[in-house]
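Read through the structure below, which is laid out as structure tokens, and then see the notes.
The values are calculated or read from the model by the stated rules, or taken from the named source; none is laboratory data. If you're wondering where the values come from, they're calculated on a predicted model, not measured in any experiment. All Cβ positions, glycine included, derive from the backbone under ideal geometry; neighbour counts span all protein chains shown. For the accessible areas, the whole protein counts, side chains as well, though only heavy atoms, and no ligand, DNA or RNA atoms are used. Shrake-Rupley method; radii C 1.70, N 1.55, O 1.52, S 1.80 Å.
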Amino acid sequence: GLNDCQVGTDRHFLIEAVDKFGNRVLHGGDNFTAELLGPVPEQVHIIDMDDGTYAGTFMCRWSGQFQFNVYLNGVKGAGSPHSFYVRPAPTLAQNCECTLIKLPMSRLVGQAGE
């Protein structure tokens with residue numbers, strides 16, 4: 001679910017359309033949209049399955065706190081917003097940086113502990 005998100009991983013969701021009496025809608029054509037707000041807004045794609053369900057997907061490129069909202073004709077759907085945290089991807093050695101410093105490390109350790 002949304003509670004286990006990691007940077008760079010596709011996340012999928014399903015919307016089931018329901019009428020005002022709680023009956024499942026069995027046709028497509030409703031105007032569902034979604035937004036994903038966080039450190040950087042991300043794109044959300046929704047496909048009408050023409051049977052009252054709508055398949056959606058998104059991928060977060062940044063870690064941090066996000067808020068996911070679903071709308072029908074511009075009106076926020078039940079359960080929105082969904083808040084969740086996207087954790088960073090695993091550390092990749094090729095992306096790590098090392099900077100040489102002029103001060104001896106013993107001196108820096110002593111400064112940090114003061």
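Quick rundown of the values:
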quantity: Options PHE84, ASN69, PHE58, ranked by Cα towards positive dipole end of the stretch 34-109, top entry (Cβ charges); calculated: PHE84
quantity: Order of exposure, largest accessible area first, which applies to LYS102, LYS76 with probe 1.4 Å; calculated: LYS102, LYS76
quantity: Accessible solvent surface per residue of the stretch 8-50, calculated while the other protein chains remain in place, 1.4 angstrom probe, Å²; calculated: 71
quantity: Point-charge dipole on Cβ atoms (K/R +1, D/E -1) for the chain, about Cα centre, debye to 20; calculated: 560
quantity: Carbon/sulfur fraction of accessible area - the chain, other protein chains in place, 1.4 Å, %; calculated: 55
quantity: Helix-only [θ]222 nm of the chain, DSSP H runs n ≥ 4, -39500 (n - 2.57) each, per residue, nearest 500; calculated: -2000 deg cm²/dmol
quantity: Area of ILE46 that stays accessible when all protein chains are in place (1.4 Å probe, Å², to 10); calculated: 50
quantity: Cα gyration tensor of the chain - equivalent ellipsoid semi-axes, whole Å, descending; calculated: 45, 14, 10
